[in-house]
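Visitor: Just passing along the structure, written as structure tokens.
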Amino acid sequence: MTRLIFLGPPGAGKGTQALRLAELSQIPHISTGEILRDCVSQKTLLGQQAQGYMERGELVPDELILEMVRERLLQSDAQNGWILDGFPRNATQATFLDLLLQKLDQSSYRVINLDVPDPILVERMLNRGRKDDTEETIRRRLEVYREQTAPLIDYYSEQQLLVSVDGNQSMESVTAALKQVMES
Ligand code: AMP
């Protein structure tokens, strides 16, 4: 059973790699950023509430995110495995996920840290041209990552769930390294 959490800074290639692996394993790729962007473009209430935070590069408040993730993980396609991309992003979300997965009897999972140096991250984000990829927002997203998300590297590494993969290689090499992790 494949259950993977992708950690790593914005621009590390989490989305691309998570999608590739999910397709290979035929399990859902659950990207909270993507779900939120869909909500914004469909102008749902959640989308309207989340939009400002996303445009500023801030985290959307937990009370909006946690229920969204719970509902997604309860769907039937997620019972055979999943790849989480962009969640958890802070300690509260990680604790919530631990409890939820215990309840669902899905406590076996691994966490992948995609490692990429900062200058490369900025360059990659500027090149992908997403609406929230302006220089100012990118700077804020990196700060938020360092303050709130990076501490989860220690949290998962203390539980021996963390595997670090060098994300500063060609897309194909990163995928190959990740496949090895999945098979090990
Ligand atoms: P991403 O596509 O993962 O880079 O996410 C894009 C934006 O969506 C982030 O900058 C946040 O504003 C928001 N977002 C995505 N996932 C989360 C999360 N787990 N918690 C809070 N905000 C999130």
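Any read-out appearing in this document is the output of simple, stated calculations on the displayed coordinates, not a laboratory observation. Treat the numbers as computed from the prediction; the structure is a model and nothing was measured. Virtual Cβ from ideal backbone geometry, glycine too; neighbours counted across all protein chains shown.
Visitor: Test of the criteria: in the stretch 8-93, which trypsin sites (Lys or Arg not before Pro) are in a DSSP loop and have at most 16 other Cβ atoms within 10 angstrom of their Cβ? Numbers along the way, then the final one.
Guide: Working: sites: Lys14, Arg20, Arg37, Lys43, Arg56, Arg70, Arg72, Arg89; in loops: Lys43, Arg89.
Here the sparse-neighbourhood loop sites are Lys43.
Visitor: Net charge within 11 Å of Val144 by Cβ-Cβ distance, Lys/Arg positive one each and Asp/Glu negative one each, not counting Val144 itself? Present the calculation step by step, with values, prior to reporting the outcome.
Guide: Numbers: positive: Arg56, Arg89, Arg139, Arg140, Arg141, Arg146; negative: Glu58, Glu143, Glu147.
That works out to +3.
Visitor: Which whole-number percent gives the relative contact order of the stretch 74-152, counting Cα pairs below 8 Å spaced six or more residues apart?
Guide: Reported relative contact order: 46 percent.
Visitor: Right, next: Counting alpha carbon pairs within less than 8 Å and at least 6 residues apart, what relative contact order, in whole percent, applies to the stretch 4-97?
Guide: Details: 92 pairs, mean separation 40.3, N = 94.
Rounded, it is 43 percent for the stretch 4-97.
Visitor: Suppose only helical runs count, i.e. DSSP H with n ≥ 4. What mean residue ellipticity at 222 nm does that imply for the chain under -39500 (n - 2.57) per run, divided by all residues and rounded to the nearest 500 deg cm²/dmol? Please report the intermediate quantities before stating the final value.
Guide: Numbers: 9 runs with 102 residues, N = 184.
Roughly -17000 deg cm²/dmol at 222 nm, from the helical runs in the chain.
Visitor: Another question about this same structure. Zone of Thr92 (label point 7 Å along Cα→Cβ, backbone N under 15 Å): which residues in the stretch 140-155?
Guide: Taking a point 7 Å out along Cα→Cβ of Thr92, the residues of the stretch 140-155 whose backbone N falls under 15 Å are 148-149.
Visitor: Additional query: Give me the dipole magnitude in Debye, nearest 20, for the chain about the Cα centre, with unit charges on the beta carbon: positive for Lys and Arg, negative for Asp and Glu. Can you show the working numbers first?
Guide: Numbers: 20 positive and 27 negative charges, 58 e Å.
Computed about the Cα centre, the dipole is about 280 debye.
Visitor: Just to check I understand the Karplus step: with θ = phi - 60° and J = 6.51 cos²θ - 1.76 cosθ + 1.60, what whole-Hz values come out for the stretch 112-127, glycine and proline as x?
Guide: 9, 9, 8, 9, 9, x, 3, x, 5, 4, 4, 4, 5, 5, 5, 6
Visitor: What does the stretch 59-156 give for Rg and for Dmax, in Å, if only its C-alpha atoms count?
Guide: Taking only Cα atoms of the stretch 59-156, I get Rg and Dmax of 15.1, 42 Å.
Visitor: Go through Lys43/Lys103; Lys43/Lys131; Lys103/Lys131 and tell me which ones have a Cα-Cα distance over 25 Å in this structure.
Guide: Values: Lys43/Lys103 32 Å; Lys43/Lys131 16 Å; Lys103/Lys131 37 Å.
Over 25 Å apart, Cα to Cα: Lys43/Lys103; Lys103/Lys131.
Visitor: Using label points projected 7 Å from each Cα along Cα→Cβ, tell me how many nm separate Lys43 and Lys103, to one decimal.
Guide: Roughly 3.4 nm, to one decimal.
Visitor: Sort Arg110, Arg130 so the one with the fewest other Cβ atoms within 10 Å of its own Cβ comes first. Before the final figure, lay out each step's value.
Guide: Details: Arg110 16, Arg130 12.
Ordered from fewest to most neighbouring Cβ atoms within 10 Å, Arg110, Arg130 come out as Arg130, Arg110.
Visitor: Under 8 Å for C-alpha pairs, at least 6 residues apart: give me the relative contact order for the chain, rounded to a whole percent. Each step should come with its number before you reach the end.
Guide: On the way: 243 pairs, mean separation 63.6, N = 184.
It rounds to 35 percent for the chain.
Visitor: Quick one: order Ser107, Ser31, Ser164 by neighbouring beta-carbon count within 10 Å, fewest to most.
Guide: Numbers: Ser107 11, Ser31 21, Ser164 15.
Fewest-to-most Cβ neighbours within 10 Å comes out as Ser107, Ser164, Ser31.
Visitor: Using Cα centres only, tell me the gap between the stretch 1-44 and the stretch 78-110 in whole Å.
Guide: 14
Visitor: Separate question: Extent of the chain along each principal axis, from alpha carbon coordinates, in Å, largest to smallest?
Guide: Result, largest extent first: 39, 37, 30 Å.
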